[in-house]
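Taken together, the values in this text are just the output of simple stated rules run on the coordinates, not laboratory data. Since the structure is predicted, the reported quantities are computational estimates derived from the model, not experimental observations. Positions of Cβ are backbone-derived with ideal geometry, glycine not excepted, and every protein chain shown enters the neighbour counts.
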Amino acid sequence: MTVQTERPVEAAAPISNSLTAGRLPKSAPWTILVVAIAVAAAVFGVVSIGTGAGFNWGGALFVGALLYIPSIWLFSTLVEGRRRAMDRLVTALVTGAFLLAMIPLVSLAITVITLGAARFDADFFSMSMRNVTGEGGGALHAIIGTLFITGAAAIISIPVGLMTSIYLVEYGRGRLARGITFFVDVMTGIPSIVAGLFAYSLFAIFLGPGTRTGIAGAVALSLLMIPVVVRSSEEMLRLVPNELREAAFALGVPKWLTIVKVVLPTSIAGITTGIMLSIARVIGETAPLLIAAGFTASVNYNLFSDRMQSLPVYVYTQYANQGNPPEAFLDRAWAAALTLILIVMALNLIARLVARFFAPKFGR
Amino acid sequence: MNLKRFGVPAVVAVTAAIALSSCASNEGGGAPSESASTLAGNLVGAGASSQDAAQQSWIAGFQTANPDVTIDYDPSGSGAGRETFLEGASDFAGSDRAFKDDEIAAGGFKKCAPDSSLVELPLYISPIAVIFNVEGVDSLDLDAATVAGIFAGTISNWNDPAIAATNPDATLPDLAITPVHRSDDSGTTENFTEYLGAAAADVWTWEADGVWPFEGGEAAQGTSGLVDAVTNGNGTIGYADASRAGDLGTVAIQVGDEFVPYSPEAAAAIVDASPFAEGRAEGDLAIEIDRTSEEAGVYPIVLVSYLIACGQYEDPANVELVKGYLSYIASPEGQEVAATDAGSAPISDTLREKITAAIDSIK
Amino acid sequence: MSVTAPIKAKLRVGDLIFSRSAVFAGSMILVTLAAVAIFLVVQSLPAMAASNEEASILTTNFWAYVGPLLFGTVWAAALALVVALPVSIGIALFISHYAPRRLASVLGYIVDLLAAVPSVVFGLWGIGVFAPALVTAYAWLNENLGWIPLFSGTPSATGRTILTAALVLAVMVLPIMTAICREVFLQTPVLHEEAALALGATRWEMIRTAVLPFGRPGIISASVLGLGRALGETMAVAMVLSASPVITFQLITSINPNTTAANIALSFPEAYGLNVNVLIATGLILFIVTFAVNAFARWIVSRRKEFSGAN
């Protein structure tokens, strides 16, 4: 502690280098952090000896990090002045927010990977649950179902969503555009289970009661997916500088070609992120698929007839209706959850490559 | 828009291509078996999720014996199962309660012939265990009034004299009791509250219902959620399908003068000791469980889940399939599979006779 | 000669097809939404007037049933957003302006992936890992801050409270909110940033004067999407929350208000007859609430002139 407080005093001496004057040394933040954690650990240590309870490592680290934020601000104010102190404070807060958010996310990832690894084997990817009870079995039928249903949902949603956002940004004026913007927001609020009920009832009208097909599930998912596609792509399209459009128009390029060749490529990275997010948003939906696409233990490749299993429904039913031995069911549930995340990871990777291929080369 | 126009046919084409090329290793191909089963076709059922584990075993057993048959069972819930059956979207229903008299009178069962009766078969009998998580205690002997008091919140500490009175040997800690109940509407709750209301009417003044009748205690979704909540808590107590009790402590319930721990035999015994509901059509085997029975060796907290079919189907196409499947479930073999895989109680031979007669009457 | 006719652009077939299909896509959304609304209204009408004799799920009438659910939904979503919004802006800034570039793209990728974790898994994790971990924290809060009404009452022994549910919701909406904020922050014109820095601004001052004003509409979009997801989330809440039909502001007890979507999931499997309509009607109410929340958000945005490159 004394080390940092002394240095600035030296720096404040009459003859000083104006470029480095009044700055905390580079090592200062780390030193303060270590001291803060040490103080917190000492307090927790005293408490744990006092009460006889075990030493709480998580608590000590957390409180230490919390202690760091005002300390760095205080030191910086004393040495560097108010503006730099504010900068240091925000840096600490932003990094803190990031680390804080990483705790649950990392904990979740570790849980899924450790528990999912148990049944992550060849059988899991080559077998369905037909005629399987207890141990064994796999999720091939659910993987196929998820890919098909989500694929169909994407084929419906991406063109509709993308064209809508193009309309909103490039063409839309007046009431229709305002209405669509507003109603897209409303659409983001459709509870997933209501989307499922709607799709189920819609197909029941045309195909008779009790029809549960993959395509009904896909329609339910597109209801959830479209607003995300529209909202995110709209945001990205709006960020394309007008200068680019005007330059294209000035060269006599038709509007639609300007959009296809200039606007879309410029924003392709953001749009791809948005589309991937929308797929990620729906691929894990359970409730609507349980209602609209039903449940089966067998492989079904046909979107338009018979029930179709999907990974989230598989996870849910394996967890909720455990038989004997329960571990076999739980292991399958976690392995399926892991599979689902890996599928999205693969899709994400492909999308990023595609985006990189189409995107214009920027300097940044 | 172009994408969309060409997208759907493209998917269909891809679908067809993949369908021709691959198959799950445990499916299809089933070489014509020597038993030469003549049954073929698709059967769809929907209903109680309590039966799901058992249904999966029955389906597996039946499909193995009849390779050309595919049966799907949606574990969508009893209410949804009855609705689905009512609107004719399933061939049979699984339900934690039988249809009520006025529901049958109202009719409108789309799969059934206009004046057909219903065949309701109590084929899945499962004891409901009262489970708890208190360190150092594996089992407790409790009477109905104490159990009701715990769940009603009037007995709120594990060292309460009412608990100690029937458990002189147990070391009961000074720990708050957290009763856990189901947050979803469920047949398990309905059977449990019905038992409390019948056996401890002074303490438990609420009517039997699938929804927990008052605000108090902890709530958890589904059997799995409840078991998780009890397992992860400290001083927690709840009720769940006995097959899911696992390593948790369980309660032996006082019946007459003795304390009976849950067991499949004791659960089957209470069903045999109970009368059938009156005024029902032939083949409609709805049971009114006698919760206050004092017969020796009965365990009164049981869940009876029914399989429901039409007495006479409008379209005779699937009749043989329904009869075949139900007969398999009622057979000693079928009941044995469910007992191993789902921890249910096999039905007694007396009940099986009645059920077989009812199945034979399906047209 | 004195009057010049406005110059008319040549009508191109490509333009026509493209703009028409854009309008068509937009209209499709309106038609779909109208269909959903009609479906909800038709299914809900019988339930609105129902009494507890006709629909066994009701205790008195429909409005008494939907009240606590509505409160729980808005309460949980608001709590979740209060937690998630600052954190997601923080993460987005960290990735876009603080972390080293190589690390940043990896981190962005990881956060995107977490958007894909199915809600069931969040539920499993919430009930098995997260809730038990919070029990001690809740006991501490109750002991030391119990005088604040929010933390009064008996703390839950399993940690499955509305605060836990809201935190799980916050974790669930973080990835989607972060991703959008991050993309928008990254699009800030480099010239603006460099100009700010050249004027002697610290990094925070640069962010405050250049990045945040530019990103404001994006932040609002992110909040609307996050709020939509939090309001409508079904399975995770149903699995994590210990719910009762009550209205209470206490955050850490066993008795918590339920959310509408979770209640539908909990009650739907056993619903029959008019009860089904009651549940769909609660869905309609949720729909209307979302509608109102969005209108409110729009109103806030419209008070400031929206920034857009396309204007």
Under 5 Å from the placed amide H of B:Ala113, counting only residues 5+ away or on other chains, we find B:Gln312, B:Tyr313, B:Glu314
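Which trypsin sites (Lys or Arg not before Pro) in the stretch A:23-127 sit in a loop by DSSP (not H, G, I, E or B) and have at most 10 other Cβ atoms within 10 Å of their own Cβ? Kindly include the intermediate steps, with their values, before the conclusion.
Working: sites: A:Arg23, A:Lys26, A:Arg82, A:Arg83, A:Arg84, A:Arg88, A:Arg119; in loops: A:Arg23, A:Lys26.
Loop-located and lightly packed - A:Lys26.
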Given +1 on the Cβ of Lys and Arg, -1 on the Cβ of Asp and Glu, and no further charges, what dipole in debye does the protein assembly as shown carry about its Cα centre, rounded to the nearest 20?
8260 debye
Label point at C:Ile148 placed 7 Å out along Cα→Cβ; residues across the stretch C:241-256 whose backbone nitrogen lies under 11 Å
C:251
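List the DSSP H helices in chain C whose Cα atoms stretch 27 Å or more along the helix axis and whose mean Kyte-Doolittle hydropathy is at least 1.6.
Working: long enough: C:13-48 (51 Å, 1.75); C:62-93 (46 Å, 1.94); C:162-186 (35 Å, 2.18); C:212-232 (29 Å, 0.90); C:274-303 (44 Å, 1.56).
Within chain C the helices that satisfy the rule are C:13-48, C:62-93, C:162-186.
Could you calculate, for the stretch A:22-119, the ratio of the Cα radius of gyration to the Kirkwood radius, expressed as Rg to Rh?
Working: Rg = 17.3 Å, Rh = 15.4 Å.
Radius of gyration relative to Kirkwood radius: 1.12.
At a Förster distance of 22 Å, what's the computed FRET efficiency of A:Phe182 paired with A:Val260, Cβ-Cβ distance as r, to 0.05? Could the numbers behind the result be given before it?
On the way: r = 27 Å, r/R0 = 1.25.
That pair, A:Phe182 with A:Val260, gives E of 0.20.
Do you know the relative contact order of chain C, to the nearest whole percent, from alpha carbon pairs under 8 angstrom that are 6+ apart? Spell out each step's value before the answer.
Working: 387 pairs, mean separation 85.5, N = 311.
So the answer I get is 27 percent.
Using R₀ = 22 Å, calculate the FRET efficiency as 1/(1 + (r/R₀)^6) where r is the Cβ-Cβ separation of A:Ile103 and C:Val82; round to 0.05.
Values: r = 18 Å, r/R0 = 0.83.
About 0.75, to the nearest 0.05.
Going by average Cβ neighbours within 10 Å, how do the peptides A:269-282, C:165-178, B:67-80, A:90-103 rank, with the highest at the top? Each step should come with its number before you reach the end.
On the way: A:269-282: 25.4, C:165-178: 26.9, B:67-80: 23.5, A:90-103: 18.9.
Averaged packing, sorted descending, gives the order C:165-178, A:269-282, B:67-80, A:90-103.
Evaluate peptide A:193-205: per residue, the Cβ atoms of other protein chains within 10 Å of its Cβ; return the mean as an integer.
Working: counts 15, 16, 3, 3, 10, 10, 2, 0, 4, 3, 0, 2, 1.
Partner-chain Cβ atoms within 10 Å, mean over residues of A:193-205: 5.
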Across peptide B:73-82, what mean number of C-beta atoms from other chains lies inside 10 Å of a residue's C-beta?
6
Magnitude of the Cβ-charge dipole of the stretch A:126-357, K/R +1 and D/E -1, about the Cα centre, nearest 20 debye?
520 debye
About its Cα centre, how strong a charge dipole does chain B have in debye, to the nearest 20, once Lys and Arg get +1 and Asp and Glu get -1 at the Cβ?
1440 debye
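Which helices count as membrane-span-like in chain A under these terms: full DSSP H, at least 24 Å along the axis by C-alpha, Kyte-Doolittle mean of -1.0 or more? Each step should come with its number before you reach the end.
On the way: long enough: A:28-51 (34 Å, 2.11); A:57-80 (33 Å, 1.41); A:82-116 (50 Å, 1.29); A:140-166 (38 Å, 1.83); A:214-238 (35 Å, 1.18); A:326-358 (49 Å, 1.39).
Helices meeting the span and hydropathy rule in chain A are A:28-51, A:57-80, A:82-116, A:140-166, A:214-238, A:326-358.
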What distance in nm separates the two pseudo spin-label positions at B:Ser348 and B:Thr166, each 7 Å out from Cα along the beta-carbon direction?
2.4 nm
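Hey, got the average number of other protein chain Cβ atoms within 10 angstrom for residues in C:103-114? All intermediate terms of the calculation are to be shown ahead of the outcome.
On the way: counts 0, 0, 1, 0, 2, 2, 4, 5, 4, 9, 10, 9.
What the average comes to for C:103-114 is 4.
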Please name which of C:Thr32, C:Gly128, C:Pro189 has its Cα lying farthest along the dipole of chain C towards the positive end, using unit charges on Cβ (Lys, Arg +1; Asp, Glu -1) and the Cα centre as origin.
C:Pro189
Inter-label distance for B:Asp209 and A:Asp121, nm, one decimal - labels placed 7 Å from Cα along Cα-to-Cβ
4.8 nm
Take every Cα pair under 8 Å in chain A that's 6+ residues apart, average their separations, divide by the length, and report that relative contact order as a whole percent.
19 percent
Search the structure for amide H atoms under 5 Å from the amide H of B:Ile177, placed 1.01 Å from N in the peptide plane, and list their residues when 5 or more places away or on another chain.
B:Asn157, B:Trp158
Going by alpha carbons, how many degrees (0 to 90, nearest 10) lie between the helix axis of B:187-199 and the longest principal axis of chain B?
30 degrees
Quickly rank A:126-137, A:213-224, C:47-58 as a protection proxy: mean count of other C-beta atoms within 10 Å, highest first.
A:213-224, A:126-137, C:47-58
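Rounded to the nearest 0.05, what FRET efficiency do A:Phe357 and C:Ala297 have when you use their Cβ-Cβ distance and R0 = 25 Å?
Working: r = 36 Å, r/R0 = 1.45.
It comes out at approximately 0.10.
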Which order do the peptides A:160-166, B:47-53 come out in when sorted by mean C-beta neighbours inside 10 angstrom, highest first?
B:47-53, A:160-166
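At 222 nm, what helix-only mean residue ellipticity would chain A give, in deg cm²/dmol to the nearest 500, using -39500 (n - 2.57) for each DSSP H run of four or more? Before the final figure, lay out the partial values.
On the way: 15 runs with 259 residues, N = 364.
After summing the helix terms and dividing by the residues of chain A, the value is -24000 deg cm²/dmol.
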Along the Cα-to-C-beta direction of A:Val35, a point sits 7 Å from the Cα; which residues of the stretch A:79-111 have their amide N less than 14 Å from that point?
A:79
